[in-house]
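To start, the structure under review is shown below, and the notes come after it.
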Amino acid sequence: GRLAGLRGCEGWPASNSRMSSPASTPTSTSSADAGDSFVRAARKGRLAEVRRHLAAGVDVNAKDSGNDTALIWAAHHQHEAVVRELLACDGVDVAHAGAGGNTAMVLVGHNGNVALARALIAAGAPLDA
């Protein structure tokens, strides 16, 4: 089964020596840099990197300079594994509207990805946004 773990994200063990090694820890020096790197990893579909950032405590709702979150970018590019990882985190904002007023649900609907739409609905994404 999946365990509740770091920063409220499911599936993270309480300790994981692989995640604590310097080579697998995000190298950003500030929380803003870490947030930008996290959002960029989600945009590019880099699940392992997204997981490292989450394990390091990055804010799951961090925004890039365009006010878009990791969830919005992952949804836009249909990175299903990344979207599901983000949805497993406590406090993920499924209703946030980023640049252009689009939510993750709007972008998933636009792309016609039924599986991701169902996952977002199950996570509480509003249908009227």
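All of the numbers you see were taken from the coordinates with simple rules; none came from a lab. A quick note: this is a predicted structure, and the numbers were derived from the prediction, not measured.
Rounded to whole numbers, the Karplus 3J(HN,Hα) couplings from phi for segment 114-126 are 5, 4, 6, 4, 5, 5, 5, 4, 4, 7, x, 5, x Hz, using 6.51 cos²θ - 1.76 cosθ + 1.60 with θ = phi - 60°, and x at Gly and Pro.
Based on the alpha-carbon set only, what is the convex hull volume of segment 48-129 divided per residue, in Å³?
Hull volume over Cα atoms, normalised by residue count, gives 82 Å³.
Taking every C-alpha pair closer than 8 Å and separated by at least 6 residues, the mean separation divided by the residue count of segment 59-129 gives a relative contact order of 31 percent. Applying the Karplus relation 6.51 cos²θ - 1.76 cosθ + 1.60 with θ = phi - 60° to segment 79-96 yields 3J(HN,Hα) values of 8, 4, 4, 5, 4, 5, 5, 5, 5, 7, 8, 4, x, 4, 8, 7, 9, 4 Hz, where x marks Gly and Pro.
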